[in-house]
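What follows is a set of notes on a single structure, which appears directly below.
The values are calculated or read from the model by the stated rules, or taken from the named source; none is laboratory data. Keep in mind that what you see is a predicted model, and the values were worked out from it rather than measured. All Cβ positions, glycine included, derive from the backbone under ideal geometry; neighbour counts span all protein chains shown.
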Amino acid sequence: MPQQIPCLWFDRQAEEAAAHYTTIFPNSSIGQVTRYGPGQPMPEGTAMTVSFTLDGQEYVALNGGPQFPHSEAISFQIMCADQEEADHYWTRLTEGGEESMCGWLKDRFGVSWQVIPVELPALLGDPDPGRAQRAAEAMFQMRRIDVAAVRRAADSVPA
């Protein structure tokens, strides 16, 4: 299968976004930066594309102008080993951004992320429908996922 590399369209923040993201994820780096030349759509010297890697996953950031803003219709899931890791990503990505519901957030560049502890999908898909329902109801009340609270709700005995 050919390699798939997500490309994120920015107005003019591609370099800033790539630099920010590489400080959040381990094993990350910025690769090649191409720049607009004279007579091109952006001022000469402005980054056109920025290749970067976040913990082994390659991305490209493109400065394309304001025509296509980010939307919640596309988001990046971060599957976190535990609550500590989830809290790290949640805290860093919401800096200057905004919290949403059920583990979703928008970072300061308008990119949507889902910060999900790996235990959450198992709780939501529990073979016991009552347990799964209680887990989902707890999650639907949360912004940042607190997996221990979801687990407690799933394990609670209905009255």
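Is at least one residue of the stretch 11-28 in a loop (DSSP other than H, G, I, E, B), exposed (fewer than 15 other Cβ atoms within 10 Å of the Cβ) and touching a Phe, Trp or Tyr at 6+ places or on another chain (Cβ under 7 Å)? No, the stretch 11-28 contains no residue that is in a loop (DSSP other than H, G, I, E, B), exposed (fewer than 15 other Cβ atoms within 10 Å of the Cβ) and touching a Phe, Trp or Tyr at 6+ places or on another chain (Cβ under 7 Å). Restricting attention to the stretch 27-37, does a residue exist that is modelled with pLDDT of 95 or more, closer than 21 Å to GLY97 by Cα and among the hydrophobic types (A, V, I, L, M, F, W, C)? Within the stretch 27-37, not a single residue is modelled with pLDDT of 95 or more, closer than 21 Å to GLY97 by Cα and among the hydrophobic types (A, V, I, L, M, F, W, C).
Let's see how each residue does on (1) more than 18 Å from VAL115 (Cα to Cα); (2) touching a strand residue (DSSP E or B) at 6+ places or on another chain (Cβ under 8 Å):
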residue	(1), (2)
TRP9	yes, yes
GLU15	yes, yes
THR22	no, yes
GLY31	yes, yes
GLY39	yes, no
MET42	yes, yes
THR46	yes, yes
PRO69	yes, no
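Suppose we filter the stretch 103-117 for residues that are in a loop (DSSP other than H, G, I, E, B) and buried (at least 16 other Cβ atoms within 10 Å of the Cβ); how many remain? Number satisfying all stated conditions: 5.
Residues that are in contact (Cβ under 8 Å) with a residue 12 or more places away in the chain, among the aromatic types (Phe, Trp, Tyr) and in contact with a Pro (Cβ under 8 Å, 6 or more places away or on another chain) do occur in the stretch 28-36. Given the condition over 18 Å from the mean Cα position of the chain (by Cα), of a type in the set (S, T, N, Q) and more than 17 Å from THR23 (Cα to Cα), answer yes or no: does some residue in the stretch 112-119 qualify? Within the stretch 112-119, none of the residues are over 18 Å from the mean Cα position of the chain (by Cα), of a type in the set (S, T, N, Q) and more than 17 Å from THR23 (Cα to Cα).
Filtering the stretch 118-159 to residues that are loosely packed, with under 15 Cβ neighbours inside 10 Å, outside any loop (DSSP other than H, G, I, E, B) and either aromatic (Phe, Trp, Tyr) or in contact (Cβ under 8 Å) with a residue 60 or more places away in the chain (or both) leaves only ALA148.
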